[in-house]
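Engineer: My questions will all concern the structure given below.
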Amino acid sequence: MKQLLFAAALLALAAVPPSFGSNYITGVVLSGLVFTVAAAALNLVYGYAGLLSFAQLGFWGIGGYCSALTVMRFGGNFWEGLLVAALVNAAIAAAVGLPTLRTGRHAFVIITLSFALLCGLVARDWVSLTRGPLGIPGLPAPSLFGFAFSTVPRFYYLVLAFAVLALGFLFALGTSRIGDTLRAIKQNEPLARSQGVSPLAYKLAAFVIGAIVTGLAGAIYVFYLKIVDPLFLDFYYMQTFLIVVIIGGAGNFWGVVLAGLVMVALPEALRFSNDLRMVIYGAILVVAMLVLPRGVAGWFADRRLAALRASLK
Amino acid sequence: MTALLEVADLAKAYRGVHAVDGVSFAVASGTITGMIGPNGSGKSTTIDCLSGFQRADRGRVSLDGHDITGLAPQKIARTFQTVRVFDQFDLVANLMVAVEPFRRVGWHDALARTARYRAARDAAEARAHELIELVGLTRLVAAPAGILSYGQKKLLALAAALMPKPRLVVLDEPVAGVNPTRINEVADILRKVNAAGATFLIVEHNVEFITGLCDHVIVLDQGKKLVEGPPAEVHSDQRVLDAYLGIDERQTSAVAEAS
């Protein structure tokens, strides 16, 4: 049943470009996939490990700049750009995470927020490297063995392949013993420690993996936009990732994936009323939070709990 | 009887308050040792130091002859005074957090679900079910721990402490706040686990519970060891009564007059 559902969803996603024949719709779903991957990475850090990290925005931007600079400045190709993005993010995440994860919950939020803002400042002010507010335009289409991902539908399949790989990895991680241990640390760290868990190692691993996946998503997405500039570090992106995780249900894999695809498509679906669309979007968010305070996954968990209580009576 | 745990001259001060001030004792292998004392006598600090949750200022802790001062060894399991369980996990998942059954399993095994990982997981799950049955919670096995009653959570915490097959189990107030009719059940469970080979060190205020269960009792007062011995002896010791009930004024004045 689950495999069938999964295959059907994959088939539907693969059928998006030919069945709509519109670059606009394909582009919306493409963005949805990229944001879903970034949200799933935030879910690993926030939903599983309980670390409210705003640094994800910084990693997203670093990933975008790394791949763009590799291609436009250092003469590499797109794939080397991805590798650079992953390595740089891993190194920075380890360096930032190691001291930051030793601080308390609130300090962690503030430091990661400062880190994200700092990344934005560097992108804007290190003009000799990043060209500052001008950004780096004209990113060429990536190619593989002579096949250029030069049209939106072609690029869409590249993104779909990345999303399946990244989400597959995060799924395997989240449903493994490692994911359970992270959720245990989030619920009660001293108890996890008394059971032999070393919380810092797990939290650092989650933080670094989250950074790598987010960075890769950003690195790919700038090649769809064909430009990277300081706006790529706008808080809009962080806000989108957070909304997806919270609506989906922090700590639940499928809830977040589902919410990712829905929440990114929603503002576009509301374009029938251009003046009011963000107002309606906001209203939907508020209602969703009132009805589903713990997200879609939390709602299902509550129903299951109610059924269990009834069966125990 | 050989000593499993030896504590020598343990001391810990918080901003000048000497919570534990040079305590020495031993827990013999296979026994149930009780530790009692009035509020603030240093019981919790003592077990925090020997299970690695606090760093002692001074002193030495050894387990089986190995120096473990300041470490948090897996061979010592503990429960907490304020009951701690993973509220969102069901009972089995609560016990599966323990690392010990998976010590030979790498992270890549866990990620790829290799045969080695699955074997360790199946064995751990079987043990988790056994322990849940031992503490009598089988009926609730699928429930998230958050919905358990306070006493049930304490039993679950005990089962979780036993999961790594520890040599020594340190229990911090296992029956405080537990329905009195269930206290005997807890004692029975502890006797059963003790018979199976686990050594216990139990901190508790319930003197009746300690007297009925323990082979040996240590009394702390104001960060120092006051008395130790078999429960019946300790129970009637004048110094223990003084520490708990305060010194009788008429007696003191009588002593003063006599001298």
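Engineer: With B:116, B:121, B:182 as the choices, which residue is in a helix (DSSP H, G or I), surrounded by fewer than 20 Cβ atoms within 10 Å (Cβ to Cβ) and under 22 Å from the mean Cα position of the chain (by Cα)? Please lay out each step first, then the result.
Structural biologist: Details: B:116 fails: under 22 Å from the mean Cα position of the chain (by Cα); B:121 fails: under 22 Å from the mean Cα position of the chain (by Cα).
Step by step, each of B:116, B:121, B:182 is checked, and only B:182 is in a helix (DSSP H, G or I), surrounded by fewer than 20 Cβ atoms within 10 Å (Cβ to Cβ) and under 22 Å from the mean Cα position of the chain (by Cα).
Engineer: How many residues are under 16 Å from residue A:36 (Cα atoms) and modelled with pLDDT under 90 if we restrict to the stretch A:196-237?
Structural biologist: Step one: list which residues in the stretch A:196-237 are under 16 Å from residue A:36 (Cα atoms), which gives A:209-222, A:224, A:236-237.
Subsequent filtering for residues that are modelled with pLDDT under 90 retains A:236-237.
Residues flagged as under 16 Å from residue A:36 (Cα atoms) and modelled with pLDDT under 90 within the stretch A:196-237 amount to 2.
Engineer: Confirm whether residue A:247 is at pLDDT 90 or above, under 17 Å from residue A:38 (Cβ atoms) and in a helix (DSSP H, G or I).
Structural biologist: Values: at pLDDT 90 or above: no; under 17 Å from residue A:38 (Cβ atoms): yes; in a helix (DSSP H, G or I): yes.
Against the criterion (at pLDDT 90 or above, under 17 Å from residue A:38 (Cβ atoms) and in a helix (DSSP H, G or I)), residue A:247 does not qualify.
Engineer: So which residues in the stretch B:130-142 are surrounded by 15 or more Cβ atoms within 10 Å (Cβ to Cβ) and either among the polar types (S, T, N, Q) or in a helix (DSSP H, G or I) (or both)? Show your work before the answer.
Structural biologist: As a first pass, look at the stretch B:130-142 and keep what is surrounded by 15 or more Cβ atoms within 10 Å (Cβ to Cβ): B:131-132, B:134-137, B:140.
Passing the criteria: B:131, B:132, B:134, B:140.
Engineer: Among the residues of the stretch A:103-126, are any under 30 Å from residue A:181 (Cα atoms), in contact (Cβ under 8 Å) with a residue 40 or more places away in the chain, aromatic (Phe, Trp, Tyr) and out of contact with any Phe, Trp or Tyr (no Cβ under 6 Å at 6 or more places or on another chain)?
Structural biologist: Checked the stretch A:103-126: at least one residue is under 30 Å from residue A:181 (Cα atoms), in contact (Cβ under 8 Å) with a residue 40 or more places away in the chain, aromatic (Phe, Trp, Tyr) and out of contact with any Phe, Trp or Tyr (no Cβ under 6 Å at 6 or more places or on another chain).
Engineer: With a cut-off of at least 3 residues that are within 14 Å of chain B (Cβ to nearest Cβ) and surrounded by 15 or more Cβ atoms within 10 Å (Cβ to Cβ), name the helices (runs of 4 or more DSSP H) lying wholly within the stretch A:105-223. Walk me through how you get there before you give the answer.
Structural biologist: Values: elements: A:105-125, A:127-130, A:152-174, A:177-187, A:189-194.
Where helices (runs of 4 or more DSSP H) fall fully within the stretch A:105-223 and carry at least 3 residues being within 14 Å of chain B (Cβ to nearest Cβ) and surrounded by 15 or more Cβ atoms within 10 Å (Cβ to Cβ), they are A:152-174, A:177-187, A:189-194.
Engineer: Any residue in the stretch A:232-248 that is under 20 Å from residue A:136 (Cα atoms) and under 10 Å from the mean Cα position of the chain (by Cα)?
Structural biologist: Within the stretch A:232-248 (the criterion being under 20 Å from residue A:136 (Cα atoms) and under 10 Å from the mean Cα position of the chain (by Cα)), the answer is yes, since at least one residue qualifies.
Engineer: Within the stretch B:143-172, take every residue that is in contact with an Asp or Glu (Cβ under 6 Å, 6 or more places away or on another chain) and either under 21 Å from residue B:75 (Cα atoms) or surrounded by 22 or more Cβ atoms within 10 Å (Cβ to Cβ) (or both) and give me the one that is nearest to the other protein chains (Cβ to nearest Cβ).
Structural biologist: Result: B:164.
Engineer: If you don't mind, there's one more thing I want to ask. Please go through the stretch B:56-115 and give me each residue that is more than 19 Å from residue A:176 (Cα to Cα) and among the aromatic types (Phe, Trp, Tyr), ordered by number.
Structural biologist: Correct list: B:80 only.
Engineer: Condition check: surrounded by fewer than 23 Cβ atoms within 10 Å (Cβ to Cβ) and either at pLDDT 85 or above or more than 14 Å from chain A (Cβ to nearest Cβ) (or both). Does residue B:42 satisfy that? Reasoning before the result, please.
Structural biologist: Values: surrounded by fewer than 23 Cβ atoms within 10 Å (Cβ to Cβ): no; either at pLDDT 85 or above or more than 14 Å from chain A (Cβ to nearest Cβ) (or both): yes.
When the stated conditions are applied, residue B:42 does not pass them.
Matching residues to (1) more than 9 Å from every other protein chain (Cβ to nearest Cβ); (2) within 18 Å of residue A:184 (Cα to Cα); (3) among the β-branched types (Val, Ile, Thr):
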| position | (1), (2), (3) |
| --- | --- |
| B:63 | yes, no, no |
| B:67 | yes, no, no |
| B:79 | no, yes, yes |
| B:96 | no, yes, no |
| B:118 | yes, no, no |
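Engineer: Then there is this: Taking the condition of being away from chain A (no Cβ under 14 Å), in contact (Cβ under 8 Å) with a residue 40 or more places away in the chain and crowded, with 24+ Cβ neighbours inside 10 Å, how many residues in the stretch B:46-57 meet it?
Structural biologist: 1
The values are calculated or read from the model by the stated rules, or taken from the named source; none is laboratory data. Small disclaimer: the values here were computed from a predicted structure and weren't measured. Quick reminder, even Gly has a Cβ in these numbers, built from the backbone with ideal geometry, and neighbours come from all protein chains shown.
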